[in-house]
1. Any residue at all in region 35-46 that's over 30 Å from Lys2 (Cβ atoms) and of a type in the set (Val, Ile, Thr)?
2. From the list Gln35, Gln5, Gln76, pick out the single residue that is in contact with a Lys or Arg (Cβ under 9 Å, 6 or more places away or on another chain) and not acidic (Asp, Glu).
3. Scan Lys62, Lys26 and give me the residue that is over 30 Å from Gly142 (Cβ atoms), among the basic types (Lys, Arg) and without any contact (Cβ under 8 Å) to a residue 24 or more places away in the chain.
4. If I ask for residues that are modelled with pLDDT under 80 and in a loop (DSSP other than H, G, I, E, B), which ones from region 1-15 would you list?
5. Within the group Leu98, Leu94, Leu131, which residue is in a loop (DSSP other than H, G, I, E, B), surrounded by 12 or more Cβ atoms within 10 Å (Cβ to Cβ) and not β-branched (Val, Ile, Thr)?
6. Could you count how many residues in region 16-40 are assigned to a helix (DSSP H, G or I), under 45 Å from the mean Cα position of the chain (by Cα) and either of a type in the set (D, E, K, R) or surrounded by 10 or more Cβ atoms within 10 Å (Cβ to Cβ) (or both)?
7. Restricting attention to region 78-91, which residues are in a helix (DSSP H, G or I) and among the hydroxyl-bearing types (Ser, Thr, Tyr)?
Amino acid sequence: RKLVQDYGREPTSEEIASHMEIPFEKVRSIIKVAQEPISLDKPVGDDEDTVFGDFIEDASAKSPARNANFLMLRDQIEKVLSTLSKREESIVRLRFGLNDGCPRTLEEVGAIFNVTRERVRQIEVKALRKLRHPSRSKRLEGFSDIL
């Protein structure tokens, strides 16, 4: 404020650095951090029907094509899993967390089915062998780019 009063205008970064006896680069970095934020709703252009936020890409958003492919993959996985016995399907779903995103250990799955973890492992191995068979795995071939 003092420099604005002294100079009658906004001081340059060099003038601020000289007055405060700090390096010019430090002043620039402070000014850069302290800049006013721009509202994403601020109109851009003459017609004012476009806002600044329209030009900001949402990096976390999935593309519609990728989302559609993911839904098709999920549908194919459901169809492939339905070819297993109910017990095999349930064990694979639990072990890989296909229902809730939380993979379970052999011991946890064993407790659910009231069998040993070794028996769960055997059932899982048998189910995965079935899933690797070309008649089933062929349905998932086109989705390797999603995974």
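1. Yes; the residues of region 35-46 include at least one that is over 30 Å from Lys2 (Cβ atoms) and of a type in the set (Val, Ile, Thr).
2. The unique qualifying residue is Gln76.
3. Lys26
4. Arg1
5. Leu98
6. Summing the residues that are assigned to a helix (DSSP H, G or I), under 45 Å from the mean Cα position of the chain (by Cα) and either of a type in the set (D, E, K, R) or surrounded by 10 or more Cβ atoms within 10 Å (Cβ to Cβ) (or both) in region 16-40 gives 12.
7. Scanning region 78-91 gives a single hit, Ser90.
The values are calculated or read from the model by the stated rules, or taken from the named source; none is laboratory data. Just so it is clear, the model here is predicted, and its values are computed rather than measured. Because the Cβ atoms are built from the backbone with ideal geometry, glycine has one as well, and the counts that use them run over all protein chains shown.
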